[in-house]
Amino acid sequence: MKYSIKPVISLRHLSDETLTRQVSGELNTVQWFVADYHLARCWQCRSRKDDLEQAARLVLSYRRARLATFATSNDQFRNEFLAKVAKQSTQRRALGEGIGPSLRLFKSFSMNPVVASLVVVVVAIGLLLMIWSRPLPTVSASEVLDRALTREKQLQSQHKQGVLYQQVSIRSSDRTIHRAIYSDLSGRRRARPVALTEQDSHLQGQLISNGVDWDNPLSAESYRRWRASQRGPVDVVKRTRENELTVETTVEGGVIVKESITVRADDYHPIRRTIETQGRQVYEIAELNYAVLGWSAVNEALFEPLHEVARMRPVLVPLVQRASTLQLQQSEIEARIALHAIGADLG
């Protein structure tokens, strides 16, 4: 099936101002295209345009005739006029040596609506690239991590009841797994442990040994704890993609040589984390889905049962009477006799 793209053109006739500006070449590319499209289908507007063009030619012919008559009858005026024309031509020639070719090229493009539209699109893309690649305001790694932690705390305060659902992918050099993580925002219930294969358990142990929280692998808090435990970390904050900020930390003398965490620039929500070890092993943790759900939308079997703490009944402890001096001396004699019986006091 073939489709044709047609511009949306108004059914109203073109105004005299629009027709006059088209005759004089004062319309921009879009206005000229719309007017030309309408003229190709409206004979009334074409007739009015022809009348305006004829009137313009008559006015131009009259002006030329008047100017020629006045110039030939006054030699002084003609000489002054020619001198001004020569002076302006010299100035324009000097200015045109720098920007003349570009202006002529743009003028030639403006005569063709399709080419002019392409030029406008290219210029717009260039401006967007310049805006996107402009340097970010100076921000430190600590500020990015602090804002990410603040965002997590705000989320917990806003949703005190509910379940935080997060789906992540964990990729190493030889394995990729997907995990669905459920967390009780109130902190009262723990998620049931999921049985892992031998390979997944090995990957879990590697990540935990490298400072990754298995239940919250994209936590900014765990990243900050790892960074604080390193000696002389070097941080770099950069924009990796549109609306993304990445904190990259390089260390020396440790098992991990480089680690990074990426957050969204608008709300500082962590979405990606990478770990590179000395053995050139690279781990990448990326968020695939994230949502705050109500308990009605979650299977409670995913969590351990909630047990209420039973109130302890008061226990009556009998009072012990204080022993007398005679009782203490008698107890001491009995203890010494027992020690002598087993030979404990014989050295």
Check your understanding: Does segment 144-199 classify as rounded, prolate or oblate by the C-alpha gyration tensor (a ≥ b ≥ c root eigenvalues; a/c under 1.5 gives rounded; else a/b over b/c gives prolate, otherwise oblate)?
Key -> oblate
Point to revise | Long-range amide H partners of HIS159 with built H, under 5 Å | key: none
Review point. Where a ≥ b ≥ c are the square roots of the eigenvalues of the C-alpha gyration tensor, would you call segment 141-302 rounded, which needs a/c under 1.5, or, failing that, prolate if a/b is larger than b/c, or oblate?
Key: oblate
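Each value in this text was obtained by applying a stated rule to the coordinates, not by laboratory testing. All values derive from a computational prediction rather than experimental measurement.
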